[in-house]
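So the structure is just underneath, and the comments pick up after that.
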Amino acid sequence: MALLCSTLATRTAHAYPMYDDGNGVGCVSCHNEFKGGNGALHQQHRITFDVATCNLCHPSGGGTTPVLTYRSGTGGGFGCAGCHGGDYGENSVTDSQPKATGYGLRAYHASQGVTECATCHAPGENGFPDPFPPLLGENVPPIYYDPAYSNLTDPCSSAQEDLTTDVDALGLDNDGDGTRDYPADADCPIPTTTTSTTLPPNVTSNGIEGLKLILVDKYVSSSKAKAVFVSKDNTAGAIHKGPDADPPLLSGTVEIFAKDDPTNTAVYDLAAANWLVNKPTVAKYVFKTAAPGGLGVKVSVVKPDLLLKVVGKNLGDGDTATGNQSASDLDLSTVGVGDELRVRVTIVNATDVSTHIMCSDFTVETAASISGGTGYKIVSKTSTVPGSCS
């Protein structure tokens, strides 16, 4: 009994301020598919929901921890609650900064028999209001339901919110009242038949003309995997990176994935510290020690209205022991001639808090086993310009 009380006391004191506290305590205790960066939930959020800015969840770029439930880095700010909470005009009791709050999320968990949230989040305790404010309706979009952050816009749409990996075709119960989305939840209006594809002025999304894509994986050597992507497109505004300023104000990601299976993907983080040049005519990213098991991009060059180039030294996170990328990253052996691969590059410019998304679709022309069956190679010089980068 003493041990049980001690455990409960610990959870009461700390609740779940982060996804994982490093000891398996937090949201991770039930929702562990974010771990490692390639879990099903992480892929669904990043690809299905088009969450391309790592700092929407992470404190300082992809892979950084702790991932807080209420706070994240520049370009985001609201952590998990940006999608799973609402704007109640509250400030965090830990740092007095504005935050989103998951009142509806807690109500939903309580309805499913998860009661420990209430041990910390009780009216009047730990700086919380007494009474709690009225719950925002199902129809009120969370902060990250905005093209600036994701492709989610309608909290009443199961078509938008549903996870393809779960057992039903329903979205979230955002207000925790036991009903989900239109037509079940009375808060939800009848959907309109028109949708807007207009992005906010600080976000651009452009299909660009791809010149070539070369992917190589040699399983017996951890230093032989590579990815080369080149786009040459002189369409005004297609290739761009925002205003010139201090290079570390740039950051971003590169994604290469199979269009028929977006979970088969390579993800690279263009860390701010490795941007060495940011001039009006060119921006350069250089990380000479790029290798499997770490930051994978060795060189990236952006020349506005002219050139976008990425040279990677792995096919994702990599396997430092064997170099076998297919274990957890982009598996080339499942890609055949005629299949389509998408390359999506996202550059975030903190100078004007802008996000620039560029993408190319390639049809695989060569797909071959190499090095006596210990590797695989994909080559394509045939591309199409996507109408959307989602």
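The values are calculated or read from the model by the stated rules, or taken from the named source; none is laboratory data. Note that the structure is a prediction, hence the values are computed from the model and not measured. Please note: Cβ atoms are built from the backbone with ideal geometry, for glycine as well, and neighbour counts cover all protein chains shown.
Under the condition of being of a type in the set (S, T, N, Q) and closer than 22 Å to L211 by Cα, the residues counted in segment 234-263 number 3.
In segment 312-331, the condition of being surrounded by 23 or more Cβ atoms within 10 Å (Cβ to Cβ), modelled with pLDDT of 90 or more and in a strand (DSSP E or B) is met by no residue. The residues in segment 72-119 that are surrounded by fewer than 14 Cβ atoms within 10 Å (Cβ to Cβ) and within 21 Å of the chain's Cα centre (by Cα) can be counted, and the count is 0.
Could we say that D168 is surrounded by fewer than 17 Cβ atoms within 10 Å (Cβ to Cβ) and closer than 30 Å to S388 by Cβ here? In short, yes.
Is it true that T53 is surrounded by fewer than 17 Cβ atoms within 10 Å (Cβ to Cβ) and β-branched (V, I, T)? Reasoning before the result, please.
Values: surrounded by fewer than 17 Cβ atoms within 10 Å (Cβ to Cβ): no; β-branched (V, I, T): yes.
Taking the combined requirement at face value, the residue does not satisfy it.
For the subset of segment 14-25 comprising residues that are in a loop (DSSP other than H, G, I, E, B) and touching a residue at least 40 places away in the same chain (Cβ under 8 Å), which member is farthest from I347 (Cα to Cα)? By that ranking, first place goes to A15.
Name the strands (runs of 3 or more DSSP E) wholly inside segment 204-294 in which the number of residues that are under 21 Å from C54 (Cα atoms), out of contact with any Phe, Trp or Tyr (no Cβ under 7 Å at 6 or more places or on another chain) and among the small types (G, A, S) is 3 or more. Even if it seems obvious, please write down each step before you answer.
On the way: elements: 210-218, 226-232, 250-258, 261-270, 275-278, 283-286.
Counting at least 3 such residues, we get 250-258.
Can you tell me which condition C117 does not meet? The list is (1) modelled with pLDDT of 80 or more; (2) of a type outside the set (S, T, Y); (3) outside any loop (DSSP other than H, G, I, E, B), and all the others hold. Evaluating C117 over (1) modelled with pLDDT of 80 or more; (2) of a type outside the set (S, T, Y); (3) outside any loop (DSSP other than H, G, I, E, B) leaves (1) as the failure.
Quick one: which of G171, G176, G127 is in contact (Cβ under 8 Å) with a residue 40 or more places away in the chain and under 20 Å from A81 (Cα atoms)? Outline the logic, then answer.
Values: G171 fails: in contact (Cβ under 8 Å) with a residue 40 or more places away in the chain; G127 fails: in contact (Cβ under 8 Å) with a residue 40 or more places away in the chain.
After applying the criteria, what remains is G176.
Looking only at residues of segment 211-233 that are at pLDDT below 90 and of a type in the set (S, T, N, Q), we find that the one that is nearest to K279 (Cα to Cα) is S223. Is it the case, given these coordinates, that C83 is in the same structural domain as C156 (by TED's automatic domain parsing), under 19 Å from H31 (Cα atoms) and hydrophobic (A, V, I, L, M, F, W, C)? Against the criterion (in the same structural domain as C156 (by TED's automatic domain parsing), under 19 Å from H31 (Cα atoms) and hydrophobic (A, V, I, L, M, F, W, C)), C83 qualifies.
In this structure, does R106 turn out to be basic (K, R), more than 19 Å from V348 (Cα to Cα) and not in a loop (DSSP other than H, G, I, E, B)? When the stated conditions are applied, R106 passes them. The residue that is nearest to S205 (Cα to Cα), among those in segment 45-87 that are of a type in the set (A, V, I, L, M, F, W, C) and in a loop (DSSP other than H, G, I, E, B), is A52.
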